[in-house]
Amino acid sequence: MVILAMVVMAMFAALAGCGDPKAQTPAITLTFSSNYPLPTALTTGSSTPIAVIVANDPKNGGVNFTCAPAGECGEFSSPPSAGSNIPICYQAPGAVPSGGTVTLVATSISDPTTSISSAPITITSGSSVSGCTL
């Protein structure tokens with residue numbers, strides 16, 4: 001009887017470590033918002049609103065925005081962070097960057113290992129257009 005009780009206790013201990021997979025916290029996911037579609041091209045100095053939808057973030061941390069190539073990719077409205085699906089303004093650089101494209105990156109504030117990058121956005125010389133009215 002003692003042996004049976006020990007076996008049952010060992011089984012419970014082993015199963016307790018597994019946990020219920022439904023109780024596992026889902027990973028934070030990021031997607032660019034279709035309410036503010038990313039452009040495929042912009043002229044130098046032009047601006048556009050961008051937003052990211054953050055899912056499964058219990059802290060509601062939002063995202064930080066960066067871009068590449070660093071130093072020649074343009075800038076974001078200050079501060080360069082926003083909550084889920086809240087737009088900020090991105091302004092293309094004043095000169096065409098090396099390679100002719102920029103990439104926008106949003107990184108989760110709650111989990112900095114989670115990020116999303118845009119497809120390359122072509123930057124061409126031309127009259128700037130202010131498409132960002134928030």
Margin query: For segment 80-101, give me the residue count where each residue is more than 16 Å from Gly126 (Cα to Cα) and not in a loop (DSSP other than H, G, I, E, B).
Written below: 5
Checklist line | Selected residue [surrounded by fewer than 17 Cβ atoms within 10 Å (Cβ to Cβ) and without any contact (Cβ under 8 Å) to a residue 12 or more places away in the chain] from Pro69, Pro79, Pro58 | finding: Pro79
Notebook entry, point to check: Of all residues in segment 28-54, which are more than 25 Å from Glu72 (Cα to Cα) and surrounded by fewer than 12 Cβ atoms within 10 Å (Cβ to Cβ)?
Noted result: Ser34, Asn35
Next item on the list: Being surrounded by 16 or more Cβ atoms within 10 Å (Cβ to Cβ), more than 21 Å from Thr31 (Cα to Cα) and touching a residue at least 40 places away in the same chain (Cβ under 8 Å) is the filter here, so list the residues in segment 93-104 that pass it.
Entry: Pro93, Val96
Next item on the list: May I ask you to list the residues in segment 85-134 that are over 21 Å from the mean Cα position of the chain (by Cα), within 19 Å of Ser33 (Cβ to Cβ) and among the polar types (S, T, N, Q)?
Entry: Thr133
Notebook entry, point to check: Condition test on Gly131, is it among the small types (Gly, Ala, Ser), in contact (Cβ under 8 Å) with a residue 24 or more places away in the chain and touching a Pro at 6+ places or on another chain (Cβ under 8 Å)?
Noted result: yes
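Rule-based calculations on the coordinates, nothing more; no lab input. Fair warning: this is a prediction, and the values are worked out from it, not measured in the lab. We place every Cβ from the backbone using ideal geometry, glycine too, and count neighbours over all the protein chains shown.
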